[in-house]
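One structure is given here, and the rest of the page talks about it.
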Amino acid sequence: MSKVHVLNHPLIQHKLTFIRDVSTGTKEFRELVEEVSMLMAFEITRDLQLQEVTVETPVGPAKGHTLAGKKLGIVPILRAGLGMSDGILSLIPAAKVGHVGLYRDPKTLKPIEYYVKLPSDVEEREFIVIDPMLATGGSAVEALNSLKKRGAKNMKLMCLVAAPEGVAAVQEAHPEVEIYLGALDEKLNEKGYIVPGLGDAGDRLFGTK
Ligand code: PRP
Ligand code: URA
């Protein structure tokens, strides 16, 4: 079953609290989502492989380590996932970016796919699928299905806030996918919103309603 990692670093928790606050405006919300995503990416990339190299310092040769050139990809789930991509790319700028466009039908809460574009070498890449919200889990499960159908073999899921229902749905459909969260909240409400959550992530990021 998928492992769940709640990344409760003090800086992540501090910023997430302001993200949740209803009085935080669009500009600050967007900046905070980017910052938290960068901090979460720092934690999620701890297991990247290194290779030993030697460089010349002004004083002499020094053994060091550089990333072993593993091919990484990040896949924001449109639209709200876009708010997380720049923060991650600031740490791993060489990562390729795919996109999966999904929206949740407000009545059925089922995800509807409208766009998919992935790097061509899907089979060889390690992907981080990103979305601020893991609510019923329908969108994340569908996005992971979509990547798998196109050949992806190695995926992680990273979300700011999740409900237990969403975690369970991903664990059931994709037991091999590790889940990284800023917070695991209490429950979903009758409209499928995470409680206490942060509201509608896409609307708060882009100033829509
Ligand atoms: C939100 C959110 C997730 C999804 C989570 O997107 O960004 O993608 O809902 O809900 P689920 O786990 O129940 O599927 P939304 O459908 O509102 O689209 P948007 O990002 O375009 O605003
Ligand atoms: N999508 C959101 O943006 N927020 C929620 O709480 C649930 C789904």
Among the candidates Ser120, Ser139, Ser146, residue that is over 27 Å from Leu16 (Cα atoms) and touching a strand residue (DSSP E or B) at 6+ places or on another chain (Cβ under 8 Å): Ser146
Applying the selection to segment 146-165, what residues are farther than 17 Å from Leu102 by Cα and in a helix (DSSP H, G or I)? Pro164, Glu165
With the requirement that a residue be more than 14 Å from Ser90 (Cβ to Cβ) and without any contact (Cβ under 8 Å) to a residue 12 or more places away in the chain, what does segment 31-60 give you? Arg46, Asp47, Thr54, Val55, Glu56, Thr57, Pro58, Val59, Gly60
Would you mind stating whether Glu113 is outside any loop (DSSP other than H, G, I, E, B), more than 15 Å from Val6 (Cβ to Cβ) and touching a Lys or Arg at 6+ places or on another chain (Cβ under 8 Å)? no
Looking across segment 97-156 at residues that are charged (D, E, K, R) and touching a helix residue (DSSP H, G or I) at 6+ places or on another chain (Cβ under 7 Å), the single one that is farthest from Ala80 (Cα to Cα) is Lys153
Which of the following residues is at pLDDT below 95, away from ligand 1 (no atom under 13 Å from the Cβ) and out of contact with any Pro (no Cβ under 9 Å at 6 or more places or on another chain): Glu178, Glu172, Glu124? Glu124
Take the residues in segment 108-121 that are within 24 Å of Glu34 (Cα to Cα) and surrounded by fewer than 20 Cβ atoms within 10 Å (Cβ to Cβ), then tell me which one is farthest from ligand 1 (Cβ to nearest atom). Pro119
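I want to confirm something. Restricting to segment 186-206 and keeping residues that are in a loop (DSSP other than H, G, I, E, B) and more than 12 Å from ligand 1 (Cβ to nearest atom), which single residue is farthest from Ile12 (Cα to Cα)?
Only one residue fits best here, namely Glu190.
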Quick check: is even one residue across segment 135-149 more than 14 Å from ligand 1 (Cβ to nearest atom), under 22 Å from Leu39 (Cα atoms) and either among the acidic types (Asp, Glu) or in contact (Cβ under 8 Å) with a residue 60 or more places away in the chain (or both)? no
Across segment 34-68, what is the total count of residues that are over 23 Å from Glu126 (Cβ atoms) and under 20 Å from the mean Cα position of the chain (by Cα)? 1
Which members of segment 122-143 meet the condition of being crowded, with 22+ Cβ neighbours inside 10 Å and away from ligand 2 (no atom under 14 Å from the Cβ)? Arg125, Phe127, Ile128, Val129
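The values are calculated or read from the model by the stated rules, or taken from the named source; none is laboratory data. Computed from a predicted model, the values in this text were never measured in an experiment. Every residue, glycine among them, receives a Cβ derived from its backbone with ideal geometry; neighbour counts consider all protein chains shown.
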